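To start, the structure under review is shown below, and the notes come after it.
Each value in this text was obtained by applying a stated rule to the coordinates, not by laboratory testing. Treat the numbers as computed from the prediction; the structure is a model and nothing was measured. Every residue, glycine among them, receives a Cβ derived from its backbone with ideal geometry; neighbour counts consider all protein chains shown.
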Amino acid sequence: MKSLYIILIALLCCNLASCYDDKGNYDYTDIFEISIDSIQERYSCLALLDTLNITPEVAPKDVEYEYFWGVYANNTSGITPILDTLCKTCELHYPVQLQPGSYTLVFCAREKETGIASFEDTQLQVATSLTSGWYILRSQNGYTDLDLFASQGKIENVIASNNGGKNLKGEAETVLYTRVYRVWDAEMKRYQQTATLMALSSDELYSIRASNGSIIRTSDDFFMKGLTR
């Protein structure tokens with residue numbers, strides 16, 4: 001039994017000696033990290049009037065990056081928000097065409113060689129500039145649109161700018177404003193009194209939401225069509 005103890009002690013001493021003599025030959029590579037600076041925590045702007053200008057500082061500077069700016073709406077009531085691309089450059093110069101509301105801006109810098117990326121997000125509050133000023137209904141090249149002369153400046157083509165280029169056919173006739181136009185709210189499931197512009201041309205009639213310039217109704221759905229036998 002004593003000889004067995006002697007063998008075990010000898011093996012333990014050999015293992016300790018081998019651990020002690022191991023000088024190590026390991027090469028640890030520093031983790032590549034990207035830092036992003038000069039982006040504020042929050043931005044605010046007026047739709048259709050302001051241009052959002054942001055110049056991030058990305059480090060280290062001696063490598064090549066790919067960039068991305070995107071935006072998505074907050075408070076989407078359980079619906080997965082969609083990230084819309086604004087640009088693929090480091091600097092953001094965006095003439096704001098978003099609907100009034102709260103958004104999240106996302107900036108990404110990706111190092112081309114390694115594929116390592118860093119993200120930075122910030123809050124964006126977009127307000128409307130369409131609720132104060134003088135509206136002028138005018139026609140050009142057979143189409144009619146609204147221009148707004150506000151204290152912040154002139155906004156042209158309010159209807160087309162907020163409805164994918166769509167505006168009224170024909171020559172300008174008249175424009176009216178009301179605060180009590182009743183509009184169906186699908187989320188609340190009831191009609192809501194809504195500040196509305198009524199734009200009439202020689203060919204069409206539109207009701208337009210004053211808060212964001214979106215079309216509520218066109219000539220095709222203002223009135224119930226009569227039944228035919």
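Observations
- The magnitude of the dipole of the range 134-221, with charges of +1 and -1 set on the Cβ of Lys/Arg and Asp/Glu and taken from the Cα centre, is near 360 debye.
- Counted over the range 53-102 with a bin width of 5 Å, the fraction of Cα pairs per bin, in whole percents, is 4, 16, 23, 20, 15, 11, 7, 3, 0.
- All-pairs alpha carbon distance profile, the range 35-127, 10 Å steps from 0, percent: 16, 48, 27, 9, 0
- Net charge in the neighbourhood of ASP121 (other residues with Cβ under 15 Å of its Cβ; Lys, Arg +1, Asp, Glu -1) is -3.
- FRET efficiency for the SER132 to VAL63 pair, using the beta carbon distance and R₀ = 41 Å, is estimated at 0.30.
- Here is the P(r) of the range 80-229: all C-alpha pair distances, binned every 5 Å from 0, give 2, 8, 14, 17, 15, 13, 11, 8, 5, 4, 3, 1, 0, 0, 0 in whole percents.
- Ratio Rg/Rh, restricted to the range 134-221 and using Cα atoms, in which Rh is the Kirkwood radius: 0.98
- Exposure proxy ranking for PHE68, PHE119, based on other Cβ atoms within 10 angstrom of each Cβ and starting from the fewest, stands as PHE119, PHE68.
- Positive dipole terminus of the range 70-134, leading residue within GLY101, CYS90, GLN123 (C-beta point charges): GLY101
- Percent antiparallel among DSSP beta bridges (both partners in the range 35-127, rounded to 5): 85
- Net charge contributed by nearby residues that have their C-beta within less than 11 Å of VAL175 (K/R +1, D/E -1): -2
- Highest-first packing order for the peptide set 38-47, 92-101 is 92-101, 38-47, based on the mean count of other beta carbon atoms within 10 Å.
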